[in-house]
Amino acid sequence: MDISTREFSGFTIRSISVSEMQNNVYLVTAEGADSHVLVDAADDLPAIQELISAAGGGEVDAILTTHRHWDHVRALKDAAQTLTERTIAGVDDAEAITEESGAPIAETVANEDVLVVGGLSFACVALRGHTPGSIAFVLSDEDGQDVILSGDSLFPGGPGKTWSDEDFDSLMDDLEERVFGRFADEAQVLPGHGDGTTLGAERPHLAEWRARRW
């Protein structure tokens with residue numbers, strides 16, 4: 001199992017890729033903590049448990065889910081039963097996540113909420129379009145470095161998939177206002193699939209994305 005480890009001032013983010021969909025599962029650990037926050041229990045609970053062991057073991061304080069789609073929640077029920085019952089998701093996706101996964105969502109968050117868990121503060125940014133309740137979870141380290149766990153709403157090269165003009169415009173509006181309009185070029189983007197990027201690498205292409213409609 002290949003584990004990617006990213007060190008920041010005050011926390012570490014480890015990740016693995018699971019399933020035929022190559023979903024990224026992220027494990028966030030505050031400096032000095034013996035517990036963790038899991039982001040997207042996408043699939044393969046044994047691999048997720050190996051990831052936790054590689055981070056030193058310990059408890060999982062909460063499982064955050066970026067959005068409702070099936071490939072991001074296949075291990076959520078088992079993870080909630082095995083690791084922690086504190087499951088957290090966007091308010092407008094929570095019911096659909098439960099229907100898809102069979103896991104109750106214990107807490108919901110909305111745009112501009114600040115979620116304090118595992119010794120960390122996550123800024124919640126609603127990005128409507130890929131799904132109605134998609135949430136990006138944003139961490140800021142002690143040196144001012146922002147890290148955006150973007151789910152399937154932002155990737156290297158463009159926004160996440162949408163299924164109508166209305167959804168596309170909604171997602172682009174939210175990305176421009178709530179992400180590119182708020183965070184600096186140095187902000188790192190860690191998406192739900194594939195490699196990461198920075199806002200600086202993507203910012204020059206916003207007009208291109210608008211024009212091509214994807």
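Filtering the stretch 156-195 down to residues that are aromatic (Phe, Trp, Tyr), open to solvent by less than 60 Å² (accessible area, probe 1.4 Å) and more than 23 Å from residue 27 (Cβ to Cβ), which residue is nearest to the chain's Cα centre (by Cα)? Among them, the one singled out is 180.
With respect to being modelled with pLDDT of 95 or more, of a type outside the set (D, E, K, R), closer than 27 Å to residue 145 by Cβ and open to solvent by 60 Å² or more (accessible area, probe 1.4 Å), residue 56 fits the description.
Which residue out of 38, 51, 76 is farther than 21 Å from residue 154 by Cα, in contact (Cβ under 8 Å) with a residue 40 or more places away in the chain and not polar (S, T, N, Q)?
Numbers: 38 fails: farther than 21 Å from residue 154 by Cα; 76 fails: in contact (Cβ under 8 Å) with a residue 40 or more places away in the chain.
Unique residue meeting the criteria: 51.
Return the residues of the stretch 101-119 that are of a type outside the set (Val, Ile, Thr) and assigned to a strand (DSSP E or B); say none if nothing qualifies. Steps first, please.
Restricting attention to the stretch 101-119, the residues satisfying the condition of being of a type outside the set (Val, Ile, Thr) are 101-104, 106-107, 110-113, 115, 118-119.
Answer for the stretch 101-119, where residues must be of a type outside the set (Val, Ile, Thr) and assigned to a strand (DSSP E or B): 107, 115.
Taken over the stretch 73-119, the criterion of being open to solvent by 20 Å² or more (accessible area, probe 1.4 Å) and hydrophobic (A, V, I, L, M, F, W, C) is satisfied by 83, 91, 96, 105, 106, 110, 114, 116. Considering the stretch 1-100, the qualifying strands (runs of 3 or more DSSP E), each wholly inside and each with 2 or more residues that are of a type in the set (Val, Ile, Thr), run over 11-18, 23-30, 35-39, 59-65, 87-90.
Within the option set 10, 32, being out of contact with any Lys or Arg (no Cβ under 6 Å at 6 or more places or on another chain), over 27 Å from residue 129 (Cβ atoms) and open to solvent by 70 Å² or more (accessible area, probe 1.4 Å) holds for one residue only, 32.
For the stretch 34-50, the set of residues classified as at pLDDT 95 or above, more than 23 Å from residue 98 (Cα to Cα) and touching a Gly at 6+ places or on another chain (Cβ under 9 Å) consists of 35 only. Note on the stretch 120-155: residues that are part of a loop (DSSP other than H, G, I, E, B), crowded, with 18+ Cβ neighbours inside 10 Å and in contact (Cβ under 8 Å) with a residue 60 or more places away in the chain total 6.
Within the stretch 44-60, the set of residues being of a type outside the set (S, T, N, Q) and under 13 Å from residue 34 (Cβ atoms) comprises 52, 55, 56, 57, 58, 59, 60. Filtering the stretch 196-213 to residues that are within 18 Å of residue 146 (Cβ to Cβ) and of a type in the set (D, E, K, R) leaves 202, 203.
The values are calculated or read from the model by the stated rules, or taken from the named source; none is laboratory data. All of these numbers come straight from a predicted model, not from anything done at the bench. Cβ coordinates were reconstructed from backbone atoms using ideal geometry, including for glycine residues, and neighbour counts include every protein chain displayed. In case anyone asks, the SASA skips ligands and DNA or RNA and just uses the protein heavy atoms, side chains included. Shrake-Rupley method; radii C 1.70, N 1.55, O 1.52, S 1.80 Å.
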